[in-house]
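All remarks here apply to the structure that follows.
The values are calculated or read from the model by the stated rules, or taken from the named source; none is laboratory data. None of the values given here were measured: they were computed from a predicted structure. Heads up, the Cβs are rebuilt from the backbone with ideal geometry, glycines too, and the neighbour counts pull from every protein chain shown.
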Amino acid sequence: MADRKSHWENVFRSKSPEEVSWTQEVPETSLLRIRQLKLHTTAAIIDVGGGDSKLVDHLLDDGYINITILDISGEALDKAKHRLGDRARLVNWVVSDILEFNPSKKYDLWHDRAAFHFLTETREIGKYIQIAERSVQGFLTLATFSDKGPKECSGLPVRQYSEELIQKELSNGFQKIECRTENHITPFGSRQNFLICSFKKIQSGPVQ
């Protein structure tokens, strides 16, 4: 965990948004998926690996008042706080490795764009999914590199996903709503093919 944290602290300390591949001026696909769910503005939303993404800016613009941004890098979250200014106080900021996250509440929406695919070991993937299953009471949206996407990012290996594979990984706790692929154009003009899937938490029935 320490090596992973130091890697990301260095990335966000040394690079501007224009120098990292995941930057989006307007996260249109994420916003579309969230708006389609028609969540109440009081819904508990967590953006896992949110870093200094501008998704939080738009969620605040849409009137959401219960937003959590989690990232392993304090540097990334500091950048987002600085950008938001006074509005930063409206957001719950959590510096944590997702694999060590132990939330005290349930989330109506768990959003993850480009964090999950950095977990390449079976043990890590399983732990992430266990945490999500415990923490989500509504919906989960994941955007990962597809099987036609990059094999590494920011100097680290990633795991590519097909629709069948990601559905299999999440099948015990979540029901697929929709998956689609999409090309993300990086700030330096290259293409990255993403698989973007939405799921609904499978609610356990009462014990007989």
Within the stretch 3-17, identify whether any single residue is small (Gly, Ala, Ser), under 16 Å from Asp62 (Cα atoms) and at pLDDT 90 or above, and answer yes or no. no
Of the listed residues (Thr68, Thr29), the one being surrounded by 16 or more Cβ atoms within 10 Å (Cβ to Cβ), assigned to a strand (DSSP E or B) and touching an Asp or Glu at 6+ places or on another chain (Cβ under 9 Å) is Thr68
Residues satisfying the stated conditions in the stretch 155-174, i.e. touching a residue at least 24 places away in the same chain (Cβ under 8 Å) and either farther than 17 Å from Asp112 by Cα or not in a loop (DSSP other than H, G, I, E, B) (or both): Gly155, Leu156, Pro157, Tyr161, Glu163, Ile166, Gln167, Glu169, Leu170, Asn172, Phe174
Residue within the stretch 170-182 that is under 22 Å from Leu31 (Cα atoms), β-branched (Val, Ile, Thr) and surrounded by 22 or more Cβ atoms within 10 Å (Cβ to Cβ) present: no
What number of residues in the stretch 177-193 are free of Cβ contacts under 8 Å to residues at least 40 places away in the same chain and either more than 12 Å from Asp147 (Cα to Cα) or of a type in the set (Phe, Trp, Tyr) (or both)? 8
Odd one out for Ser104, checked against (1) more than 18 Å from the chain's Cα centre (by Cα); (2) surrounded by 12 or more Cβ atoms within 10 Å (Cβ to Cβ): (2)
Is at least one residue of the stretch 18-26 of a type in the set (Phe, Trp, Tyr), in contact with a helix residue (DSSP H, G or I) (Cβ under 9 Å, 6 or more places away or on another chain) and touching a residue at least 60 places away in the same chain (Cβ under 8 Å)? no
Check Gln160, Gln130 and return the single one that is farther than 27 Å from Thr23 by Cβ, modelled with pLDDT of 95 or more and of a type outside the set (A, V, I, L, M). Gln130
Would you pick out the residues in the stretch 4-48 that are more than 21 Å from Glu178 (Cβ to Cβ) and among the basic types (Lys, Arg)? Arg4, Lys5, Arg13, Lys15
